[in-house]
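Asker: The structure that follows is given in the form of structure tokens.
Every number in this text was worked out from the coordinates using simple rules, so none of it is lab data. Since the structure is predicted, the reported quantities are computational estimates derived from the model, not experimental observations. Heads up, the Cβs are rebuilt from the backbone with ideal geometry, glycines too, and the neighbour counts pull from every protein chain shown.
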Amino acid sequence: MKRSWFQHSNLTTEQAEQLIARYSENHVMTEKSLDFDLIHWTVSAYLPESKRSPIPDRRYQQRFWG
């Protein structure tokens, strides 16, 4: 299965640590780096890619939009 890096940006220190903890529970490799503004963090996670695109949620689509 192909894998690639997914980035979560503009996170506070607390948010970044919580996100890394969640990923580490699932044994996902992560990296934390400081953003250019030197205030926020970016967390990168090495996640598997799917061959298919996500299925759109039809819950909020009305029939006449079809």
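Asker: Can you compute the equivalent ellipsoid semi-axes for region 3-50, i.e. the square root of 5 times each eigenvalue of the Cα gyration tensor, sorted largest first and rounded to whole Å?
Answerer: 19, 12, 7
Asker: In the chain, what chymotrypsin sites (Phe, Trp or Tyr not before Pro) fall in a loop by DSSP, with at most 12 other Cβ atoms inside 10 Å?
Answerer: When the chymotrypsin sites (Phe, Trp or Tyr not before Pro) of the chain are filtered for loop state and at most 12 Cβ neighbours within 10 Å, Phe36, Tyr60 remain.
Asker: Just to check I understand the Karplus step: with θ = phi - 60° and J = 6.51 cos²θ - 1.76 cosθ + 1.60, what whole-Hz values come out for region 2-7, glycine and proline as x?
Answerer: 3J(HN,Hα) across region 2-7, in whole Hz: 6, 10, 8, 8, 10, 10.
Asker: Collect residues whose amide H, placed 1.01 Å from N in the peptide plane, falls under 5 Å from the amide H of His40; neighbours closer than 5 in sequence don't count.
Answerer: Counting only residues 5 or more places away or on other chains, the set is Asp35.
Asker: Right, next: From the backbone phi of region 32-40, what are the Karplus-calculated ³J(HN,Hα) couplings (6.51 cos²θ - 1.76 cosθ + 1.60, θ = phi - 60°) in whole Hz, Gly and Pro given as x?
Answerer: Couplings: 10, 9, 7, 6, 5, 7, 6, 10, 9 Hz.
Asker: Can you give me the angle between helix 13-25 and the longest principal axis of the chain, using Cα atoms only, in degrees from 0 to 90, rounded to the nearest 10?
Answerer: Helix 13-25 and the main axis of the chain meet at about 70 degrees.
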